[in-house]
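Structure record follows, encoded as C-alpha cells.
Nothing in this text is a laboratory measurement; each read-out follows from the coordinates by a stated rule. Quick caveat: nothing in here was measured; it's all calculated off a predicted structure. Every residue, glycine among them, receives a Cβ derived from its backbone with ideal geometry; neighbour counts consider all protein chains shown.
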Amino acid sequence: RKIILDYIFDNERPIYIQLVELLEIDIVSGNLKSGERILSVRDLSVKYKVNPNTMQKALAELEELKLIYTERTNGKYVTSDSNLIKKYKEKYAKEKAYKYFSDMKELGFNSSNAITYLKSIGGNK
C-alpha cells in the first residue's frame, strides 16, 4: 500500500480505478458540486500524486459514466444530472451498508442487533 495525502492506494487494483472511486465519492458527497468546474488533469495529478496519464484515464472513465463532461476549451465539469448523482450515491450507500452488516455478522450480530447497536452509538441522528 502506498499512502498519498489522505489517500491510500491499494496495490491490488489499478490506481485509475481507485481515483475514479475517490472522485465519484467527491461528487456524490457534494465535495464537488453539480455543474462545478473540476481541476485540470495536471492539477489533479499533483493533488493525488499520480502520473497525468493515470489521471486522464480516470477522468475518461468518469466521462464514460456521465459523471463529468468536457466543455471544449473550458475544461471538465461535474454533471448537473441530479438523478445520476443520486443513483451513484445510493450505490455507495448500499455497498457500505452491506459491508457494515457483513462485518457485524462476523462479530455475531444479526441484522436487528446490528441496527440497534448502530442506533445506540448515534446512528439515528
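Could we say that Lys66 is touching a helix residue (DSSP H, G or I) at 6+ places or on another chain (Cβ under 8 Å), surrounded by 13 or more Cβ atoms within 10 Å (Cβ to Cβ) and of a type in the set (Lys, Arg) here?
In short, no.
Check segment 90-101 and report whether any residue there is among the hydrophobic types (A, V, I, L, M, F, W, C) and more than 30 Å from Ile121 (Cα to Cα).
No, segment 90-101 has no match at all.
Which members of segment 37-63 meet the condition of being touching a residue at least 40 places away in the same chain (Cβ under 8 Å), out of contact with any Gly (no Cβ under 8 Å at 6 or more places or on another chain) and surrounded by 14 or more Cβ atoms within 10 Å (Cβ to Cβ)?
Once the filter is applied, which keeps residues that are touching a residue at least 40 places away in the same chain (Cβ under 8 Å), out of contact with any Gly (no Cβ under 8 Å at 6 or more places or on another chain) and surrounded by 14 or more Cβ atoms within 10 Å (Cβ to Cβ), segment 37-63 yields Tyr48, Val50, Lys57, Ala58, Glu61, Leu62.
Being touching an Asp or Glu at 6+ places or on another chain (Cβ under 9 Å) and not aromatic (Phe, Trp, Tyr) is the filter here; which residues of segment 90-113 pass it?
Matches in segment 90-113: Lys91 only.
Are there any helices (runs of 4 or more DSSP H) wholly within segment 46-125 with 3 or more residues that are in contact with a strand residue (DSSP E or B) (Cβ under 8 Å, 6 or more places away or on another chain), and if so which?
Counting at least 3 such residues, we get 52-64.
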